[in-house]
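**Student:** One structure, pasted below without further comment.
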Amino acid sequence: MMNAYARSTDEVLKEFDVQPATGLDTSEVEQRHQKYGRNQLREAKRKGVWTIFIDQFKSPVVILLLIAALTAAAFGQIIEGIAIAAALVINAAVGFFTEYQALRSMEALRKMGQTTATVRRNGEEQDIDATDLVPGDIVILTEGEMVAADVRLIEIENLQCNESALTGESVPVVKSPEPIQAEDPPLAERSNMAFSGTAVTRGAAQGVVVATGMDTELGRISELVEGADESITPLERRLEKLGQRLIYLVIIIGVVIAASGIAAGKDLFLMVQTAIILAIAAVPEGLPIVSTVALGQGMWRMARRNALVKRLSAVETLGATTVICSDKTGTLTENRMVLRRIALSGADIEVIRGDGHAEFREQDQPVDPEDHSALSAALRVGVLCTNAKLEADSDARGSGDPTEVALLEGGAWAGLRREALLEALPEEREEAFDAKTKMMATYHRSNGGYLVTVKGAPEAVIQVCSQVRSEDGQENHELDDVGRDHWLERNQAMGLDGLRVLGLAEGNLDDASSAPYQDLILLGLVGLYDPPRETVKDAIAACRRAGIRVV
């Protein structure tokens, strides 16, 4: 169903003839299995054992040596023929076993990637192998799960998905069940869809499977990769040219020698035999085995560095690389968010991350959050207004929305742990993030009333604030339209620096049922980013030293 994102949930359910409360029955599942097949990507045709072995003899040089071995044996040069044949067998054995081992390793990796899915069938929830999903299945998604098929979401509870596998963006996508009116929107804007190969980072949802296997967006990418033309490697190209030249050389040598001897009155059979022997001598029977052993050694060295090479000749191609075009997210970066900057009234605090800790600096001078009320207040909101969790014994591992984990890490670096804060400020309730308000809020019991902590899109948070916290954090000032414009400019400047920006605010209420987004106090803006991997700088430098340009 190509445009499920543009249709209402009722239309999608009707199209697939399914009720969310009961799901499909067993007989209907069997029929759809026959119609749509298994929910798995089509694997490229596997190479058989004999195919791998025969491939070792496809080089022009190897073919020429085979002819030379047979010819030598036919003319009584048994030792020469055996020597050439032995070289070819060793060459084939090295190439065969190296490629066969890589093929088995790839198959083992595929088996490790098998997943399960939770579906509603026959009115009951059950866990099944993901390959058993069919279009029309009602799927239950929960935090931490991988999405196993393309799903049109019908009910959502604060759902966010990490779609970096498809879009390259590490920031989770907020989902909504509403149909999308735009014509053919990009994947990143199809907010009512959950795609195969992505992960649920927050919340829960249920939806109807609209595409499986090769019909999913991941399947289309796989099909493009599978359909790419396979070109020969630089080494194969050079060996092919060498083989062609040797063939011409052998023919010319044979003709010249035979013609010269016959013209001089020598015996015809003797001159033909001599010409063939000299031609055989011109063929370098050691060349294939030398190149194969060299490539095999490179393949084994790559394996020791946890890199699998499917084809022996690909090692030489890697060695001939002159340009590397690299993705950023998850390749050059760590694929996680980290607190980088905190914009307060009259101050910009830079967060310099170290090994398991961080330093807060203002104008290159260290800042202690305990002595900086405005900074401490902003970090406190980031720690309280969240659903994520941070392990008690670590400042770098957590679960939930990567942005919220980053705020918890930032608070931990300043000595603010969520567990300790909740003991002093118990959480009463939460106003979940809403795509319309672009904010979320939590209510905490405090001094007979309630402290409301709010975070969200800067423009949304700024709009609902009537005051702003002073630089020293001791008092609040009125926030007028001029002040709002100033904060919006700071938000834009942080965005231009490549940061993802959130606004932080708080307020005080007497009743926990009161609306949270009114007359708030703006505390500041936080900028987060996906940091580069520690090894990236050295890796790029090594590439440049090797004459490789990194794009």
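The values are calculated or read from the model by the stated rules, or taken from the named source; none is laboratory data. This structure is a prediction, so every number in the text was calculated from the model and none was measured. Using ideal geometry, Cβ is built from the backbone for each residue, glycine included, and neighbour counts are taken over all protein chains shown. Areas reflect the complete protein model, heavy atoms only, side chains present, ligands, DNA and RNA absent. Shrake-Rupley method; radii C 1.70, N 1.55, O 1.52, S 1.80 Å.
**Student:** In the chain, what percent of the accessible surface is made up of carbon and sulfur (1.4 Å probe, ligands and nucleic acids excluded)?
**Tutor:** Numbers: 15450 of 29150 Å².
Carbon plus sulfur share of accessible area: 53 percent.
**Student:** Would you mind checking the tilt of helix 234-263 against the longest principal axis of the Cα atoms of the chain, expressed as 0 to 90 degrees and rounded to 10?
**Tutor:** 10 degrees
**Student:** With a cut-off of 8 Å between alpha carbons and a minimum separation of six or more residues, what is the relative contact order of the chain in percent? Each step should come with its number before you reach the end.
**Tutor:** Working: 984 pairs, mean separation 71.5, N = 551.
The value is 13 percent.
**Student:** Here is a follow-up. What stretch of the chain, leaving out the sites themselves, is the longest with no trypsin sites (Lys or Arg not before Pro) in a DSSP loop having at most 10 other Cβ atoms within 10 Å? Walk me through the numbers on the way to the answer.
**Tutor:** On the way: sites that count: 45, 46, 58, 305, 436.
In short, 59-304.
**Student:** I would also like to ask the following. If R0 is 25 Å, what FRET efficiency do you get for residue 115 and residue 548 from their C-beta distance, rounded to 0.05? Write down the numbers at each step before the final one.
**Tutor:** On the way: r = 36 Å, r/R0 = 1.45.
Once the sixth-power term is evaluated, E becomes 0.10.
**Student:** Quick one: Karplus J couplings for segment 120-128, per residue in order, coefficients 6.51, -1.76, 1.60, θ = phi - 60°, nearest Hz, x for Gly and Pro?
**Tutor:** After applying 6.51 cos²θ - 1.76 cosθ + 1.60, I find 10, 10, 6, x, 10, 7, 8, 8, 10 Hz.
**Student:** For the pair residue 187/residue 58, report the inter-label distance in nm, with labels modelled 7 Å from Cα in the Cβ direction.
**Tutor:** In this crude label model, residue 187 to residue 58 measures out at 3.1 nm.
**Student:** First obtain the Kirkwood hydrodynamic radius of the chain from its Cα pairs, then insert it into the Stokes-Einstein equation at 37 °C and 0.692 mPa s, and state the resulting D in µm² per second as a whole number.
**Tutor:** In µm²/s, the coefficient rounds to 114.
**Student:** Would you mind checking the tilt of helix 536-545 against the longest principal axis of the Cα atoms of the chain, expressed as 0 to 90 degrees and rounded to 10?
**Tutor:** Once rounded, one gets 30 degrees.
**Student:** With +1 on each Lys and Arg Cβ and -1 on each Asp and Glu Cβ, and nothing else charged, work out how big the dipole of the chain is about its Cα centre, in Debye to the nearest 20. Write down the numbers at each step before the final one.
**Tutor:** Working: 55 positive and 81 negative charges, 799 e Å.
For the chain, the charge dipole is close to 3840 debye.
**Student:** Another question, then. Using only Cα atoms, tell me the angle between helix 402-413 and the longest principal axis of the chain; keep it within 0 to 90° and round to the nearest 10.
**Tutor:** 70 degrees
**Student:** Separate question: Among DSSP beta bridges lying fully in the chain, give the percent that are antiparallel, nearest 5.
**Tutor:** Among the beta bridges of the chain, antiparallel pairing accounts for roughly 95 percent.
**Student:** A further question follows. Report, in debye and to the nearest 20, how large the dipole of segment 426-524 comes out about its Cα centre when Lys and Arg carry +1 and Asp and Glu carry -1 on their Cβ.
**Tutor:** Here segment 426-524 has a charge dipole of around 400 debye.
**Student:** Using a probe radius of 1.4 Å on heavy atoms only, what accessible surface per residue do you get for the chain? Whole Å² is fine.
**Tutor:** 53 Å²
**Student:** If you average the alpha carbon positions of segment 504-551 and of segment 405-425, how far apart do those two centres end up, in angstrom?
**Tutor:** 17 Å
**Student:** Take the alpha-carbon centre of segment 59-87, take the same for segment 123-151, and report the distance between them in whole Å.
**Tutor:** Between the Cα centre of segment 59-87 and that of segment 123-151, the gap is 60 Å.
**Student:** Follow-up. Between 524, 75, 86, whose Cα lies farthest towards the positive end of the dipole of the chain when Lys and Arg beta carbons carry +1 and Asp and Glu beta carbons carry -1, centred on the Cα centre?
**Tutor:** Value computed over the given set: 75.
**Student:** Rounded to the nearest 20 Debye, what is the dipole magnitude of segment 408-450 about its Cα centre when Lys and Arg each give +1 and Asp and Glu each give -1 at the C-beta?
**Tutor:** For segment 408-450, the charge dipole is close to 120 debye.
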